[in-house]
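This report concerns only the one structure given below.
Read the figures in this text as sums done on the coordinates, not as results from a lab. The model shown is predicted, which means the values in this text are computed figures rather than measured ones. With ideal geometry, Cβ positions are generated from the backbone for all residues, glycine too; neighbour counts draw on all protein chains shown.
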Amino acid sequence: MIYKGNLNSKLPNSEQSIFATMSKIAAEHGAVNLSQGFPDFDISSDLIDRVNHYMKSGNNQYAPMPGVLELRQAISDKIKRSHGVFYDPETEINITSGATQALFTAIEAFVREEDEVIIFDPAYDSYAPTVRLNGGHVKHIQLESPGYTINWDHLAKMISNRTKMIIINTPHNPTGSVLTKKDMEQLQRIIQKSDIIVLSDEVYEHMIFDGLTHYSVCRFPELAQRSLVVGSFGKTFHATGWKIGYIAAPENLMREFRKVHQWVVFAVNTPIQYAIADFLKDEKNYKELSGFFQRKRDLFLDLIKGSRFKPITCSGTYFQCLNYSSITDDDDLEFAKRLTIDHKVASIPLSPFYKNGHDDKILRFCFAKKDETLIQAAKILCTI
């Protein structure tokens with residue numbers, strides 16, 4: 001059965017996500033999957049026990065629209081401990097069905113037709129389509145190699161009287177770069193006399209390496225008052241399939257966010273919220289993540305030392321980018337597919353994260369895997 005009317009697609013040029021594409025190819029060819037960003041190891045049995053406890057205790061109906069208060073309070077406490085900033089759990093924190101829903105709802109709440117939104121390429125692939133769905137215009141700024149840094153002078157020149165929002169992401173997916181204190185001060189200075197809203201994607205906040213600090217926008221008062229900060233428990237607790245995230249923002253911004261949120265999902269999984277609220281009370285459940293994933297990163301890098309792949313500095317997230325230019329001149333999508341099909345290791349090419357398909361011959365590999373998975377993949381990479 002086929003609809004014969006005029007569909008007039010709102011996203012006529014949108015294709016299947018590169019994550020879905022590469023994971024599908026990996027499954028079809030039995031490849032070691034270092035493409036999509038999900039762990040292949042078990043989550044905490046204690047956390048599962050807490051979820052089970054709340055399910056058996058009868059907490060299986062709708063949660064309050066903003067989220068279970070116990071979890072919002074736990075998030076407020078965590079932010080206070082981590083950044084020295086207080087968010088009111090009643091009016092300034094909202095639980096979401098994953099970080100992507102938080103990002104979608106925030107854009108939908110504030111971006112109108114003809115508004116401009118600035119994003120930095122390579123960018124997580126949900127940002128631009130969501131802006132376009134809401135009639136906005138995306139202005140792309142390319143991060144500068146080799147460190148994937150922001151040219152702040154360029155940003156200042158790109159801002160116009162139509163600029164409604166700037167989306168930042170630190171630690172950065174897909175490159176693993178992080179924004180510094182100086183970066184945040186530059187952003188604060190550039191937009192301080194404007195009405196621009198900042199949407200700060202900080203889902204990898206607890207995965208930052210080599211003694212570096214995660215500088216959340218909430219640490220900078222003039223940024224905090226105009227920013228929405230997005231976090232993810234799926235990333236933090238190795239449970240991406242649970243789709244639980246949160247957003248923190250000043251009350252006037254949160255009020256507008258909730259107006260949209262209630263019509264998108266209304267409520268989020270109840271027993272999991274209670275369980276995570278309990279789990280957050282022990283700081284080691286998230287504060288030890290940086291060390292855990294740095295060991296994974298270092299193991300992977302050590303294992304591929306004998307390969308022809310050249311590592312790009314990874315300061316955060318659980319993704320390692322590798323330059324393959326000494327191996328082939330193939331474009332990154334073609335090589336990623338060949339690597340998956342012929343050599344049985346799946347990765348993600350970076351070009352789909354750019355508006356113009358920019359190709360630096362770099363692939364992204366997820367190291368949130370069991371050691372044996374990383375060893376298996378590295379052995380293959382060293383033979384290429």
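Counting only Cβ charges, +1 for Lys and Arg and -1 for Asp and Glu, the dipole size of the chain around its Cα centre is about 120 debye.
For the chain, the gyration tensor built on C-alpha atoms gives a rounded shape. Its axis ratio a/c (a ≥ b ≥ c) stays under 1.5. Here Lys78, Lys235 are placed in order of increasing Cβ neighbour count within 10 Å, fewest first, which gives Lys78, Lys235.
Can you classify the range 8-64 as rounded, prolate or oblate using the Cα gyration tensor, where a ≥ b ≥ c are the square roots of its eigenvalues, rounded means a/c under 1.5, and otherwise it's prolate if a/b beats b/c and oblate if not? It comes out oblate by the Cα gyration axes.
Just list whichever of Lys305/Lys361; Lys281/Lys369; Lys24/Lys337; Lys139/Lys181; Lys235/Lys369; Lys164/Lys235 have alpha carbons separated by over 20 Å in the model shown.
Details: Lys305/Lys361 18 Å; Lys281/Lys369 26 Å; Lys24/Lys337 11 Å; Lys139/Lys181 24 Å; Lys235/Lys369 13 Å; Lys164/Lys235 28 Å.
Going by Cα-Cα distance, Lys281/Lys369; Lys139/Lys181; Lys164/Lys235 fall outside the 20 Å limit.
What does the charge count near Ile150 come to, summing +1 for each Lys or Arg and -1 for each Asp or Glu among other residues with Cβ under 9 Å from its Cβ?
Values: positive: none; negative: Glu144, Asp183.
After counting each charged neighbour, the total is -2.
How would Tyr246, Tyr62 line up from fewest to most surrounding beta-carbon atoms within 10 angstrom? Present the calculation step by step, with values, prior to reporting the outcome.
Values: Tyr246 27, Tyr62 9.
In order of increasing Cβ crowding within 10 Å: Tyr62, Tyr246.
Among beta bridges identified by DSSP and lying wholly in the chain, the antiparallel ones come to about 50 percent. Taking the helices alone, the chain has a mean residue ellipticity at 222 nm of -11500 deg cm²/dmol, built from -39,500 (n - 2.57) per DSSP H run of at least 4 residues and averaged over all its residues. The value of relative contact order for the chain, using C-alpha pairs under 8 Å at least six residues apart, is 25 percent.
Panel order for Asp42, Asp201, by other beta carbons found within 10 Å of each beta carbon, from fewest to most: Asp42, Asp201.
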